[in-house]
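**Student:** Please read through the structure below; I'll follow up with questions.
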């Protein structure tokens with residue numbers, strides 16, 4: 001299945017005020033370049049930097065963007081390395097950054113990548129196929145307590161202890177469908193009769209742990225803010241609460257400015273807001289888009305704009 005990018009019109013619209021005069025935009029989660037292609041079409045004077053750690057996605061993106069040759073650069077790297085990537089490209093600042101978090105449809109649909117609990121495949125889940133850690137190592141070598149913590153904290157799974165115990169008792173686990181069956185059997189029957197697939201949260205947790213997704217997100221958010229020139233915008237699409245809470249907290253914290261106690265008559269800290277919230281509430285897909293692309297259902301878009309705040313040292317931020 002081809003990747004159907006979510007909230008394309010909304011992303012284009014919210015980034016528009018920053019990109020209409022041209023400049024550089026970074027698609028830090030390029031995938032198959034659905035958003036990137038739409039941005040290049042909408043804003044004919046921009047230059048796009050596309051980042052992805054999946055070489056298959058990069059190859060497909062290059063083909064998709066062929067009509068815009070000369071207006072983009074594709075980089076295989078982790079988006080947490082945004083600062084060094086831009087330095088290598090000789091780019092001092094950007095007008096926008098897009099973060100479309102999570103896993104793409106092609107990755108889910110390619111059984112050999114090991115992301116899906118519905119189709120048989122190896123326990124892989126690496127977005128970068130050359131990375132050292134795979135889901136197989138987590139499932140088959142983590143101590144039971146560590147495995148439980150991964151499933152509980154990264155999957156927000158209330159039956160994490162039961163699931164971890166069952167996995168450890170059935171080792172070695174060799175395939176995605178075998179793991180999905182183990183998880184399903186570990187969850188009480190009354191619970192698994194309703195709602196999404198019982199293995200969904202466990203697979204999410206293993207994918208996040210395999211790819212260090214939350215650590216990557218925590219690193220790229222400040223890097224994106226620092227890269228944006230005043231008036232530049234950051235757009236982040238998240239697909240589960242762990243991502244969305246991090247994006248929301250970062251945007252709100254950086255938009256706060258003064259942190260002095262309320263009883264002080266004047267500001268003594270000198271802190272100024274680095275961001276301005278563009279979206280006070282997350283933007284979600286329309287029912288029409290969800291009907292066309294059910295995987296868009298959980299998407300939440302938040303957008304913030306870089307201010308011209310001055311650092312405590314007096315230099316322009």
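The values are calculated or read from the model by the stated rules, or taken from the named source; none is laboratory data. As the structure is a prediction and not an experimental result, all values here were calculated from the model. Here the Cβ positions follow ideal geometry from the backbone for every residue, glycine too, while neighbour counts run over all protein chains shown.
**Student:** Would you check which residues across the range 230-256 are surrounded by fewer than 17 Cβ atoms within 10 Å (Cβ to Cβ) and closer than 22 Å to residue 308 by Cα and list them?
**Tutor:** Those that are surrounded by fewer than 17 Cβ atoms within 10 Å (Cβ to Cβ) and closer than 22 Å to residue 308 by Cα: 230, 231, 249, 252, 253, 255, 256.
**Student:** Of 223, 190, which residue is assigned to a helix (DSSP H, G or I), over 21 Å from residue 297 (Cα atoms) and at pLDDT below 95?
**Tutor:** Selected residue: 190, the only one of 223, 190 that is assigned to a helix (DSSP H, G or I), over 21 Å from residue 297 (Cα atoms) and at pLDDT below 95.
**Student:** If the requirement is being crowded, with 23+ Cβ neighbours inside 10 Å, in contact (Cβ under 8 Å) with a residue 12 or more places away in the chain and not in a loop (DSSP other than H, G, I, E, B), which of these qualifies: 50, 37, 31, 62?
**Tutor:** Selected residue: 50, the only one of 50, 37, 31, 62 that is crowded, with 23+ Cβ neighbours inside 10 Å, in contact (Cβ under 8 Å) with a residue 12 or more places away in the chain and not in a loop (DSSP other than H, G, I, E, B).
**Student:** Inspect the range 189-197 for any residue being surrounded by 17 or more Cβ atoms within 10 Å (Cβ to Cβ) and touching a residue at least 60 places away in the same chain (Cβ under 8 Å) and give the result as yes or no.
**Tutor:** No, the range 189-197 contains no residue that is surrounded by 17 or more Cβ atoms within 10 Å (Cβ to Cβ) and touching a residue at least 60 places away in the same chain (Cβ under 8 Å).
**Student:** Within the range 79-100, identify whether any single residue is buried (at least 19 other Cβ atoms within 10 Å of the Cβ), at pLDDT below 95, outside any strand (DSSP E or B) and out of contact with any strand residue (DSSP E or B) (no Cβ under 6 Å at 6 or more places or on another chain), and answer yes or no.
**Tutor:** No: the range 79-100 contains no residue that is buried (at least 19 other Cβ atoms within 10 Å of the Cβ), at pLDDT below 95, outside any strand (DSSP E or B) and out of contact with any strand residue (DSSP E or B) (no Cβ under 6 Å at 6 or more places or on another chain).
**Student:** In addition: Which count do you get for residues in the range 276-311 that are assigned to a loop (DSSP other than H, G, I, E, B) and closer than 28 Å to residue 230 by Cα?
**Tutor:** 11
**Student:** Is it true that some residue in the range 133-154 is surrounded by 15 or more Cβ atoms within 10 Å (Cβ to Cβ) and on the phi > 0 side of the Ramachandran plot?
**Tutor:** no
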